[in-house]
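Data block below; observations after.
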Amino acid sequence: AQKITQTQPGMFVQEKEAVTLDCTYDTSDPSYGLFWYKQPSSGEMIFLIYQGSYDQQNATEGRYSLNFQKARKSANLVISASQLGDSAMYFCAMREGLGRGSTLGRLYFGRGTQLTVWP
Amino acid sequence: KAGVTQTPRYLIKTRGQQVTLSCSPISGHRSVSWYQQTPGQGLQFLFEYFSETQRNKGNFPGRFSGRQFSNSRSEMNVSTLELGDSALYLCASSRGDNEQFFGPGTRLTVL
């Protein structure tokens, strides 16, 4: 079974509008972390935002916020006031077993959503 | 603070050759992970090193290997290259649970 599912291969949004990128995850581990990364055409993965499974509040980083719905196992990324420079591929990822040291670095990635922002 | 650096950025090899890619993590980060990214398979985990020990390994053949040095720099090696090894190879470094920062990647083309 896929650990991370991103059902939107592509999304289009007009500049200055908000957009939500969907992500659902599958894990039986009670301790996990969820990440969103942006990958422009240059290839570098840029860290955007992190949400821990025990965090009580939704994470926010500037124009990025993570809509964390634990019971539904979803971790959608919301980008407010889209900019042309937001056009890129966006990946949702998960790390399991936080704090136990058993899987320190392994991230499971979704297939990504290609976001296009138009003027 | 310098980010994760990877060298070389681009590489062209022919089938059967071997290749070594290098990754220098962010200062103070002791964990280094490697990923392969292809259009068909997406992002796949290769392996992770922490304090010179391999902690975790993905589902790749033995042609893919790696190591980490005492200064946390890491190398990965692919022997007997195949056309399917053409990919973007990404290295990430981490100090804790809630962070993993990636380098710019090495784009390998196998002809």
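The values are calculated or read from the model by the stated rules, or taken from the named source; none is laboratory data. What you are looking at is a predicted structure, and each value in this text was computed from that prediction instead of being measured. Neighbour counts run over all protein chains shown; Cβ positions are idealised from the backbone, glycine included. The protein model used for the area step is the full one, side chains on, heavy atoms only, and it has no ligands, DNA or RNA in it. Shrake-Rupley method; radii C 1.70, N 1.55, O 1.52, S 1.80 Å.
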Problem set entry | Near pairs, Cβ below 7 angstrom, 6+ apart or cross-chain, from segment B:89-111 (open to solvent by 50 Å² or more (accessible area, probe 1.4 Å)) to any residue that is β-branched (Val, Ile, Thr) and outside any strand (DSSP E or B) | B:101/B:4; B:101/B:26; B:111/B:14
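For residue B:67, state whether it is away from chain A (no Cβ under 11 Å), in contact (Cβ under 8 Å) with a residue 40 or more places away in the chain, more than 13 Å from residue B:89 (Cβ to Cβ) and open to solvent by 50 Å² or more (accessible area, probe 1.4 Å). Lay out the reasoning, then the answer.
Numbers: away from chain A (no Cβ under 11 Å): yes; in contact (Cβ under 8 Å) with a residue 40 or more places away in the chain: no; more than 13 Å from residue B:89 (Cβ to Cβ): yes; open to solvent by 50 Å² or more (accessible area, probe 1.4 Å): yes.
So residue B:67 does not fit the description; no.
Per-residue answers, yes or no, for (1) more than 20 Å from residue A:94 (Cα to Cα); (2) at pLDDT below 95:
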position	(1), (2)
B:36	no, no
B:41	no, yes
B:51	yes, yes
B:65	yes, no
B:69	yes, no
Exercise. Among the residues of segment B:1-18, how many are hydrophobic (A, V, I, L, M, F, W, C) and open to solvent by less than 70 Å² (accessible area, probe 1.4 Å)?
Worked result: 2
Exercise. Checking residue B:21 against (1) part of a strand (DSSP E or B); (2) open to solvent by 50 Å² or more (accessible area, probe 1.4 Å), which test does it fail?
Worked result: (2)
Seminar exercise, completed: Sole miss for residue B:53 among (1) open to solvent by 30 Å² or more (accessible area, probe 1.4 Å); (2) over 15 Å from residue B:104 (Cα atoms); (3) in contact with a strand residue (DSSP E or B) (Cβ under 7 Å, 6 or more places away or on another chain) is condition (3)
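With B:100, B:36, B:44 as the choices, which residue is within 14 Å of chain A (Cβ to nearest Cβ) and in contact with a helix residue (DSSP H, G or I) (Cβ under 9 Å, 6 or more places away or on another chain)? Reasoning before the result, please.
On the way: B:100 fails: in contact with a helix residue (DSSP H, G or I) (Cβ under 9 Å, 6 or more places away or on another chain); B:44 fails: in contact with a helix residue (DSSP H, G or I) (Cβ under 9 Å, 6 or more places away or on another chain).
Checking each option against the conditions leaves just B:36.
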